[in-house]
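Visitor: Got a structure for you, written out below as structure tokens; questions coming shortly.
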């Protein structure tokens, strides 16, 4: 444990509050040295001095920052730097409140100060030092919960530093201590135990899981890039993969900062964000809920005028997007429901009566889905278990088919592979390979009735075969929805999804052995995935049996794990691929005729008169030929 500072720092001068706050500097610093700040290359930096500057009782006259890492790279104080350059002052204050609630919930005491520019610093002292990697991971995880948090002080072991209470500011003034001085001194001397840090890790489990997954993905991409470059050009330095880029208007909604060259004032920026949400088919209630959570920047753009201006501007956004939206199909304008919600053309009938048969009613479709669910869980699932890893993918694909049927109220599926891939979080090439296999093993439930042509996808009919009809009627329908892949399992994987579904649908809380029999997954694989879900507080083990944690919101957990960003990136990629494919079809399938091909000035132009005896005239022409 860190010992109390010597008497030199224990008696601050009562006439200087900045000097009194500066006395806390040695309790925060990882090393008993500081750096002076200065402008360099258009930026205010804290370069390493030639001679180390020892921390003394008197605060420096110039802006000064203390080092966060010890000489061995460990960290004794976590520092959360909330910067107004990353978000508006209102967002910074809201982030400070949110982070304070997280730290209090984990039983972590902290010291807070405020800079003249409106930024905030939260200092979390620790009894046992953390390694630089562990500290960085925790700060980056907290940064997922607070958009204004700058993790850079913990991302550089050599130059990571922070201005402490009492230090001068580059714009004038000093860092002002918000926590009472006596309380701050007690917090920094007693410090937080390791049990509180463990509580923080548990609270940040989704963010830590997301960071670890991204690190592994980057390592695999870097290794693959290095291999390709080595083969192509010999040995070369690997290229780091490019990170995902957030949409500009989403960034405005989160931070409240916008490009003034594009939006002259807050009003234009607000309307741009609302137009974006309206085009994405959001509702006013969803916008209000987002303004209290992840889109606090939009609330900062409104200030105290939210209740008065938001309904008016939302109505304007809806009117604007309605007039600029592409024209709908006649069937959609007439209020008719259609299955063609994606980039597929209307299905053409392939024989039989020229008049199409009447579509099944809404109730008959729901009854058909209920019967197919009974067949799926009672028979088909066990058949697919025998196909190993491929069987797991097929089980979720048939669930996606039934979910689409219930949502669109149709038994004719004419959606593309990319649509199923987006719903399942898989590659469209995988779906294209699995659909014919599913048709073969579904025992007549799924039947292809038309092949893909041009913009049309393969068309499948879903029906209940005769050999299953009596069996389906003998079983009782179950309550609840059937899910393809819930967003949270795009990150956690198919095995976790099967285990969660088995716990959810079980009449009693199952054991691990019960889950192994129900899902067909090996006990070893189940144990790892169950432990991961337990760490995320999705499930818990009670007396050897697994049960769901009802208080965990899977939608919010999916957002914290980054599933929404992953789906948005996949959707954007598929939209570009569809646009490129449609452009290729337009170039190659629609003939591009030149002007001389449309009209030849030298050709004789006349119309033959109608023939009274056309069959006889045709006979004469054939004889002449």
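The values are calculated or read from the model by the stated rules, or taken from the named source; none is laboratory data. A quick note: this is a predicted structure, and the numbers were derived from the prediction, not measured. Glycine also receives a Cβ, built like all others from the backbone with ideal geometry; neighbour counts cover every protein chain displayed.
Visitor: Just give me the residues in segment 540-560 being surrounded by 14 or more Cβ atoms within 10 Å (Cβ to Cβ) and part of a loop (DSSP other than H, G, I, E, B), in sequence order.
Guide: Answer for segment 540-560, where residues must be surrounded by 14 or more Cβ atoms within 10 Å (Cβ to Cβ) and part of a loop (DSSP other than H, G, I, E, B): just 552.
Visitor: Name the one entry in 601, 583 that is at pLDDT 50 or above, loosely packed, with under 12 Cβ neighbours inside 10 Å and over 60 Å from the mean Cα position of the chain (by Cα).
Guide: The conditions single out 601.
Visitor: Out of 223, 279, which single residue is outside the structural domain of residue 566 (by TED's automatic domain parsing) and either closer than 22 Å to residue 572 by Cβ or modelled with pLDDT of 90 or more (or both)?
Guide: Within the list 223, 279, the selection yields 279.
Visitor: For segment 528-539, enumerate the residues that are surrounded by 14 or more Cβ atoms within 10 Å (Cβ to Cβ) and either over 19 Å from residue 558 (Cβ atoms) or without any contact (Cβ under 8 Å) to a residue 60 or more places away in the chain (or both).
Guide: 529, 530, 533, 534, 538, 539
Visitor: Just the residues that are crowded, with 16+ Cβ neighbours inside 10 Å and under 15 Å from residue 321 (Cβ atoms), please, taken from segment 283-297.
Guide: Listed by number, the residues that qualify are 284, 287.
Visitor: Let me ask something else. Inside segment 264-308, can you point out the residues that are on the phi > 0 side of the Ramachandran plot and assigned to a helix (DSSP H, G or I)?
Guide: Scanning segment 264-308 gives a single hit, 303.
Visitor: Mind listing whichever residues of segment 433-453 are touching a helix residue (DSSP H, G or I) at 6+ places or on another chain (Cβ under 6 Å) and under 11 Å from residue 397 (Cα atoms)?
Guide: 434, 438
Visitor: Tally up the residues in segment 561-590 that are part of a helix (DSSP H, G or I) and farther than 30 Å from residue 209 by Cβ, please.
Guide: 12
Visitor: Further, regarding this structure: Just one of (1) surrounded by 21 or more Cβ atoms within 10 Å (Cβ to Cβ); (2) assigned to a helix (DSSP H, G or I) trips up residue 415, so point out which.
Guide: (2)
Visitor: Do any strands (runs of 3 or more DSSP E) lying entirely in segment 17-127 carry at least 3 residues that are more than 35 Å from the chain's Cα centre (by Cα), and which ones are they?
Guide: Where strands (runs of 3 or more DSSP E) fall fully within segment 17-127 and carry at least 3 residues being more than 35 Å from the chain's Cα centre (by Cα), they are 33-36, 38-40, 64-67.
Visitor: Further, regarding this structure: Does residue 331 count as assigned to a helix (DSSP H, G or I), under 26 Å from residue 448 (Cα atoms) and at pLDDT below 85?
Guide: In short, yes.
Visitor: Same structure again: Among the residues of segment 166-189, which ones are in a helix (DSSP H, G or I) and under 39 Å from the mean Cα position of the chain (by Cα)?
Guide: Those that are in a helix (DSSP H, G or I) and under 39 Å from the mean Cα position of the chain (by Cα): 184, 187, 188.
Visitor: In the list 92, 79, which residue meets the criterion of being in contact with a strand residue (DSSP E or B) (Cβ under 6 Å, 6 or more places away or on another chain), crowded, with 16+ Cβ neighbours inside 10 Å, farther than 24 Å from residue 34 by Cβ and touching a residue at least 12 places away in the same chain (Cβ under 8 Å)?
Guide: After ruling out the rest, the residue left standing is 92.
Visitor: Scan segment 103-131 for residues that are in contact with a helix residue (DSSP H, G or I) (Cβ under 6 Å, 6 or more places away or on another chain) and within 24 Å of residue 298 (Cβ to Cβ) and report the count.
Guide: 2
Visitor: Checking the conditions here, which among 356, 311, 346 is at pLDDT below 80 and either part of a helix (DSSP H, G or I) or out of contact with any strand residue (DSSP E or B) (no Cβ under 9 Å at 6 or more places or on another chain) (or both)?
Guide: That would be 356, the only listed residue that is at pLDDT below 80 and either part of a helix (DSSP H, G or I) or out of contact with any strand residue (DSSP E or B) (no Cβ under 9 Å at 6 or more places or on another chain) (or both).
Visitor: Looking for something assigned by TED's automatic domain parsing to the domain that holds residue 91 and surrounded by fewer than 19 Cβ atoms within 10 Å (Cβ to Cβ) - is there at least one such residue anywhere in segment 133-140?
Guide: yes
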